[in-house]
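The structure appears right after this line, and notes come after that.
The values are calculated or read from the model by the stated rules, or taken from the named source; none is laboratory data. Keep in mind that this is a model prediction, so the values were computed, not measured. Here Cβ is always computed from backbone atoms with ideal geometry, including for glycine, and neighbour counts include all displayed protein chains.
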Amino acid sequence: MAQPVLLLDGGMGQELIHRSTAQATHHWSLQVMMDEPHLVTEVHREFCEAGADIACLNTYAVTRARLARGQNLPTLEALLRNAYELAKQGTTYSGKTNTPLIAALPPLVASYRAETQLPIAQMIEEYQELIDLQKSRVDGFLAETIPSITEATAVLTAADQAGVRIMLGFTVSDDDGKRLRSGEPLAEALEAIESYDPVAILINCSKPEAASQAMPMLAQSRFIFGAFANGFTAIDALEPGGVVDVLQARKDLSPVQYAKFATEWLDAGATVIGGCCEVGPEHIKALDELLLSRGHKKLTWQELAA
């Protein structure tokens with residue numbers, strides 16, 4: 001019998017870049033929430049209509065280090081609340097009013113670059129602040145694009161101290177899915193977090209080919225696992241504090257092709273699938289159709305996190 005599967009949504013940030021008329025900046029995803037909030041609501045609605053079982057809030061850029069690079073931005077708490085309200089509107093407009101709202105917990109300083117990470121005590125403190133500010137209203141948390149063992153340990157420790165369980169997404173090398181972006185072996189990362197109790201361990205914001213390489217190793221672990229990959233040709237051009245529009249989307253990753261990669265993850269036993277940057281509503285619809293065609297029952301967030 002096919003395993004039940006939770007279907008995540010896709011990449012909010014890149015969808016906003018494609019839809020907004022404004023020039024992308026260091027704080028483009030936050031600026032859109034202030035200047036064009038209807039776009040955030042629209043993306044949430046379309047992902048829900050495509051079949052996503054959760055809505056991941058537009059909170060990826062809401063960290064103290066990232067906000068410190070800007071001027072005249074709302075407070076951390078105000079941005080987190082705004083992201084929640086826009087997600088709630090989007091799920092309501094889709095007709096799926098009970099869709100769980102999941103807050104993103106990103107790398108605190110910069111994507112992909114483990115060398116930019118803060119001291120571990122500071123990371124734990126800042127992650128716990130993000131969790132504490134949101135845990136009374138959101139349904140769960142997804143730590144995503146985590147590039148190193150230290151940052152993974154920090155966010156899992158913060159979650160433990162805050163009394164919540166989270167999904168954890170590691171980002172792995174596009175050239176070797178068995179190594180984190182930090183260069184550390186994925187096997188060592190799984191061993192390092194053995195004492196924690198995450199909802200699931202995922203591979204995210206890496207090429208789907210790399211995610212497929214990682215699946216057998218995740219399947220051998222004790223963790224519920226899965227993947228949500230990106231559609232970038234490469235991430236090397238993105239410098240710390242840079243703007244994501246310097247990255248190029250693949251031309252060979254149609255919804256049908258992306259679903260073929262997801263088939264490999266499902267065959268390995270994945271229980272959670274979805275999409276990251278450059279994976280849009282049409283890709284999620286293809287995944288929803290894939291699950292139906294294979295006879296997978298939809299798994300709810302409540303069932304997964306129980």
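When restricted to residues that are crowded, with 21+ Cβ neighbours inside 10 Å and either of a type in the set (Lys, Arg) or part of a loop (DSSP other than H, G, I, E, B) (or both), the stretch 199-223 contains 4. Close Cβ contacts (under 7 Å, 6 or more residues apart or on different chains) running from residues in the stretch 268-285 that are free of Cβ contacts under 8 Å to residues at least 60 places away in the same chain to residues that are of a type outside the set (Lys, Arg) comprise Ala268/Met215; Ala268/Pro216; Ala268/Ala219.
Conditions tested, residue by residue: (1) at pLDDT 95 or above; (2) buried (at least 23 other Cβ atoms within 10 Å of the Cβ); (3) in contact with an Asp or Glu (Cβ under 7 Å, 6 or more places away or on another chain); (4) closer than 21 Å to Leu291 by Cα.
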residue	(1), (2), (3), (4)
Gly51	yes, no, yes, yes
Ala55	yes, yes, yes, yes
Pro74	no, no, no, no
Asn82	yes, no, no, no
Ala87	yes, yes, no, no
Lys96	yes, no, no, yes
Leu108	yes, no, yes, no
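For the stretch 1-41, taking the residues that are surrounded by fewer than 19 Cβ atoms within 10 Å (Cβ to Cβ) and of a type in the set (Val, Ile, Thr), the one that is nearest to Gln89 (Cα to Cα) is identified as Thr21.
A quick yes/no check of all residues on (1) under 19 Å from Glu278 (Cβ atoms); (2) not in a loop (DSSP other than H, G, I, E, B):
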residue: Ser29; (1), (2): yes, yes
residue: Met34; (1), (2): no, yes
residue: Arg45; (1), (2): no, yes
residue: Asp53; (1), (2): no, no
residue: Tyr60; (1), (2): yes, no
residue: Leu79; (1), (2): no, yes
residue: Ala87; (1), (2): no, yes
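Scanning the stretch 255-306 for residues that are farther than 20 Å from Val43 by Cβ, modelled with pLDDT of 95 or more and part of a loop (DSSP other than H, G, I, E, B) yields a count of 9.
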